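**Student:** Okay, here's the structure, questions in a sec.
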Amino acid sequence: MSLNQRKQERDFTAEVKALQPEVEQLAKNGKLQEAVDRISLLEKQTRNAADMTSTASLLTLLTRLCWEQSDLDLLNAQLTILSKKHGQLKEAVVRMVDEAMTWLPTLKSQKDQGKFNGGKDRWLELVKTLRDITEGKIYLELPRARLTVMLASYHEQLSETAPKESSSSTTPAPSTSTTTDKDKPKAEPVTAKDHLDVAADLMSDIQVETYSSMDKREKTEFILEQMRLESLRGNWVRVRVGSRKINRVYLKEKDCQDIKLRYYDLMVQLALQDDEYLEACSAYQEVWDTEEVKADPAKELNVLENIMIYVVLAPYNNEQSDMLHKLYADPALQKAPQHFDLVKCFVTKELMRWSGIEQLYGPTLRQSPIFASGSTLGKKTGIKAEGKKSEEIDNPGQVRWEELHKRVTEHNIRVISTYYSRITLQRLQELLDLPSTQTEKTLCKLVTDKTIYARIDRPNGIVNFKNKNSTNEILNGWSSDISKMLGLVEKTSHLISKEYAMHEASRGKKVTA
């Protein structure tokens, strides 16, 4: 569908073809301004006549001449002027912007070579000019999104070399959020955090999920970049929101394996921030269902180990129990025998000694980044770190190891509640290898979570696992017992009559009915 909604009044194709060699020769002779003036004069006529093809040719010709003559100041000025002219044709502006964007890689390579050191950053100037042109224009939403990715990547690179803190303690930190005073210009980013905030805010301002002109893969990669930058600055709420914008069915296509792995890597990080170990287990199961992972035995083994670790770390509920038993029934998980044995311990209704678990599985598990001391995997950042102790933030591996101890204790209590109707607190402490305070705390947690039923008789030191029946349950049970008893009486009477009949028949007597 064409963006030109005006009816063309005249065709200037011949005039444009005649003008092109003349202005090119003028530019080569150093008369660039004269060439620009002649192009602008004809451009006004083509624009007023709604000749889109000729107008687009003139716009691209003018900007190309400025580029070839290396007059980048004039290029930026003409780009802005041409885009703002009254009645400018939208399609012509789109072609001009597309033409200008092809020069960005060249400027970027020159910048990397140090050509702009000590002078103006020509690449950054052109990017900002093009972003100003595309601002608020729906027909330029796709170029603006691509320019935003470039600018965000630029600020992220600066964050790696910028100082951690501002050198001046009196200078207020720059704010990237919208302020009430719109006329007040935003302060330039100084610290690494400032640059990272700018990059994340630039990406978050673009809502690519509404763009119909962007293909699925580019759109998904853009959202993944939004999620990654938000995760770097600890804004996990936005990471969660971004994850819901991605179509997981699309990630299952064969040509999307790379972005699928990137997506679920972010989902694992998000799950660890919220201590949602079952969600992390589900994410690793999706990773396992990838040809790239299954083709590499080392990667597959690592994924299988993570699946089994996270499923036992997850708090007990119906979903966790169902997933645990399904994984235990999968023979593919036996490729990691030691981790599979740990899963088997949680499936089997037998008590586990924590000292034995530490001795058997500790040396292997503690080498994993999940439980390693000093590991930064799942380290709380941003709002997730608020209210946490410094030990929990600095050593998440030790925190997860303590969580595994809790899962073992909770499993033991569930097993005990199955085999015991009543047990003393002293005996319960001996079976759990825990002090009285920790034993009661864990028991109360399981009761409040409605995992088990228990009542503690503190004066007598007895824990009762047998749930008291309600009045209706007692009556129903009594009725059932009476029915069973009457059935047995009737059956017994029938057997006695049968035995009597057989006895009389053996004596040759006729048995009356």
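The values are calculated or read from the model by the stated rules, or taken from the named source; none is laboratory data. Computed from a predicted structure; not experimentally measured. Note that each Cβ is placed from the backbone with ideal geometry, even for glycine, and that neighbours are counted across all protein chains shown. Side chains included, ligands, DNA and RNA excluded: accessible areas come from the protein's heavy atoms. Shrake-Rupley method; radii C 1.70, N 1.55, O 1.52, S 1.80 Å.
**Student:** Name every residue in the range 131-153 that is more than 18 Å from Glu225 (Cβ to Cβ), in contact with a helix residue (DSSP H, G or I) (Cβ under 8 Å, 6 or more places away or on another chain), open to solvent by 60 Å² or more (accessible area, probe 1.4 Å) and free of Cβ contacts under 8 Å to residues at least 60 places away in the same chain, in order of residue number.
**Tutor:** Hits for the range 131-153 are Asp132, Glu135.
**Student:** Something else about it: Do you know which residues across the range 18-32 are assigned to a helix (DSSP H, G or I) and without any contact (Cβ under 8 Å) to a residue 12 or more places away in the chain?
**Tutor:** Those that are assigned to a helix (DSSP H, G or I) and without any contact (Cβ under 8 Å) to a residue 12 or more places away in the chain: Ala18, Pro21, Gln25, Lys28.
**Student:** Going by what's in this entry, would Lys128 be described as of a type in the set (Lys, Arg), surrounded by fewer than 16 Cβ atoms within 10 Å (Cβ to Cβ), over 20 Å from Thr53 (Cα atoms) and modelled with pLDDT of 90 or more?
**Tutor:** Considered against the rule, which asks whether it is of a type in the set (Lys, Arg), surrounded by fewer than 16 Cβ atoms within 10 Å (Cβ to Cβ), over 20 Å from Thr53 (Cα atoms) and modelled with pLDDT of 90 or more, Lys128 comes out as yes.
**Student:** Just to be sure, is Leu266 surrounded by fewer than 18 Cβ atoms within 10 Å (Cβ to Cβ), in contact with a helix residue (DSSP H, G or I) (Cβ under 9 Å, 6 or more places away or on another chain) and of a type in the set (A, V, I, L, M)?
**Tutor:** Spelling it out, it is not the case that Leu266 is surrounded by fewer than 18 Cβ atoms within 10 Å (Cβ to Cβ), in contact with a helix residue (DSSP H, G or I) (Cβ under 9 Å, 6 or more places away or on another chain) and of a type in the set (A, V, I, L, M).
**Student:** Same structure, new question: Ala295 - would you say it is among the small types (Gly, Ala, Ser) and open to solvent by 50 Å² or more (accessible area, probe 1.4 Å)?
**Tutor:** Yes: the conditions hold for Ala295.
**Student:** If you don't mind, there's one more thing I want to ask. Can you name every residue in the range 228-287 that is assigned to a helix (DSSP H, G or I) and of a type in the set (S, T, N, Q)?
**Tutor:** Of everything in the range 228-287, those that are assigned to a helix (DSSP H, G or I) and of a type in the set (S, T, N, Q) turn out to be Ser231, Ser243, Gln257, Gln269, Gln273, Ser282, Gln285.
**Student:** Let me ask another. From the list Asp98, Asp71, exactly one residue is touching a residue at least 40 places away in the same chain (Cβ under 8 Å) and charged (D, E, K, R). Which is it?
**Tutor:** Unique residue meeting the criteria: Asp98.
**Student:** Moving on. Go through the range 189-225 and count every residue that is in a loop (DSSP other than H, G, I, E, B) and hydrophobic (A, V, I, L, M, F, W, C).
**Tutor:** Counting residues in the range 189-225 that are in a loop (DSSP other than H, G, I, E, B) and hydrophobic (A, V, I, L, M, F, W, C) gives 3.
**Student:** Okay, next question. If we keep just the residues of the range 361-393 that are among the charged types (D, E, K, R) and within 26 Å of Thr437 (Cβ to Cβ), which is surrounded by the most Cβ atoms within 10 Å (Cβ to Cβ)?
**Tutor:** Glu392
**Student:** Any idea which of (1) at pLDDT below 90; (2) over 26 Å from Asp197 (Cβ atoms); (3) not aliphatic (A, V, I, L, M) is the one Gly234 doesn't satisfy?
**Tutor:** (2)
**Student:** On to the next question. Quickly run through the range 451-489 and pick out the residues that are in contact (Cβ under 8 Å) with a residue 12 or more places away in the chain and of a type in the set (Val, Ile, Thr).
**Tutor:** Thr451, Ile452, Ile456, Ile462, Val463 - these are the residues of the range 451-489 that are in contact (Cβ under 8 Å) with a residue 12 or more places away in the chain and of a type in the set (Val, Ile, Thr).
**Student:** Hey, Asp433 hits all of (1) over 30 Å from Ser231 (Cα atoms); (2) among the acidic types (Asp, Glu); (3) open to solvent by 40 Å² or more (accessible area, probe 1.4 Å); (4) modelled with pLDDT of 90 or more but one; which does it fall short on?
**Tutor:** Just one mismatch for Asp433, condition (4).
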